[in-house]
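Asks: Here it is, the structure in full.
The values are calculated or read from the model by the stated rules, or taken from the named source; none is laboratory data. What you see is a predicted model, and the numbers here were worked out from it, not measured in a lab. Ideal geometry is used to build each Cβ from the backbone, glycine not excepted, and the neighbour counts take in all protein chains shown.
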Amino acid sequence: MLYLVPTPIGNLKDITLRALEVLQSVDLILAEDTRTSSKLLQHYKISKPVSPYHQHNEHKIVQHLVDQLSAGKTMALITDAGTPGISDPAFLLVRACIQNNIKVETLPGATAFVPALVNSGLPANRFAFEGFLPLKKGRHTMLTALAEEERTIILYESPLRLVKTFKDLIQYFGSERLCSVSRELSKMFEEHARGTLQEVHDHFDNKTVKGEIVIVLDGKRS
């Protein structure tokens, strides 16, 4: 059995009772960054073997994990924050489990884009989640296509690239497109900046920006 277990995106209290029960019960916890996950596990006094599983080793170890699961081991996959598979590793292992008739169970729980979308004030009935934009190759193609998207658009971005990304968004979407930026969700310094692309760009320009970033963009209006 493989469990996909969402973990808090900031506030350690944002974990479900069921998630804690699963983490206490499995034979092995797979963690994107064992140092980050150790803080959560220590906080809840969970003492289980922890092994790294991330984008740099997943191709190499996926078959080994499948062999262990097939032999009867139970594992929980967690990432640094949020739900595994949402802009984080999980797909390769889940696919391999399905191909090998290993049961996969995904627990409901925290993910950053949902509170950011609902808090944005932009339409939430239809949306396109795109995760991180390509850094170079494919960036122009992606932005050109998204500029025509009529649904609300959700992006992730690093604080170091936020202002540059807003310059690109203004270039492709126009300075008056409405947007919202959510930062440090569920943490002490949670911030939501809303307005036009130009207004939000100016809000963050020349500032030291920290934390995880979710950008929500209004879709193209006909």
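Asks: Sort out for me the helices (runs of 4 or more DSSP H) sitting completely within segment 100-186 that have 1 or more residues that are over 30 Å from A19 (Cβ atoms) and among the aliphatic types (A, V, I, L, M).
Replies: Of the helices (runs of 4 or more DSSP H) lying wholly inside segment 100-186, those with at least 1 residues that are over 30 Å from A19 (Cβ atoms) and among the aliphatic types (A, V, I, L, M) span 139-146, 162-173.
Asks: Which number in (1) surrounded by 14 or more Cβ atoms within 10 Å (Cβ to Cβ); (2) farther than 22 Å from E105 by Cβ; (3) charged (D, E, K, R) marks the one condition that E58 misses?
Replies: All conditions pass for E58, except number (2).
Asks: Given the options I98, I102, I9, name the one that is touching a strand residue (DSSP E or B) at 6+ places or on another chain (Cβ under 7 Å), outside the structural domain of K210 (by TED's automatic domain parsing) and within 25 Å of R183 (Cα to Cα).
Replies: I9
Asks: Could you tell me which residue of segment 129-147 is surrounded by the most Cβ atoms within 10 Å (Cβ to Cβ), considering only residues that are of a type outside the set (D, E, K, R) and closer than 14 Å to S87 by Cα?
Replies: The selected residue is L133.
Asks: Which of the residues that make up segment 147-191 are under 15 Å from F113 (Cβ atoms) and among the aliphatic types (A, V, I, L, M)?
Replies: Across segment 147-191, the qualifying residues are I153, I154, L155, V181, L185.
Asks: Is it the case that segment 198-213 has a residue that's in a strand (DSSP E or B) and within 19 Å of the chain's Cα centre (by Cα)?
Replies: Within segment 198-213, one or more residues are in a strand (DSSP E or B) and within 19 Å of the chain's Cα centre (by Cα).
One line per residue, one yes/no per condition, for (1) within 28 Å of K187 (Cβ to Cβ); (2) buried (at least 19 other Cβ atoms within 10 Å of the Cβ):
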{"site": "P49", "(1), (2)": "no, no"}
{"site": "A71", "(1), (2)": "no, no"}
{"site": "P84", "(1), (2)": "yes, yes"}
{"site": "D88", "(1), (2)": "yes, yes"}
{"site": "L93", "(1), (2)": "no, yes"}
{"site": "K103", "(1), (2)": "no, no"}
{"site": "L117", "(1), (2)": "yes, yes"}
{"site": "S120", "(1), (2)": "yes, yes"}
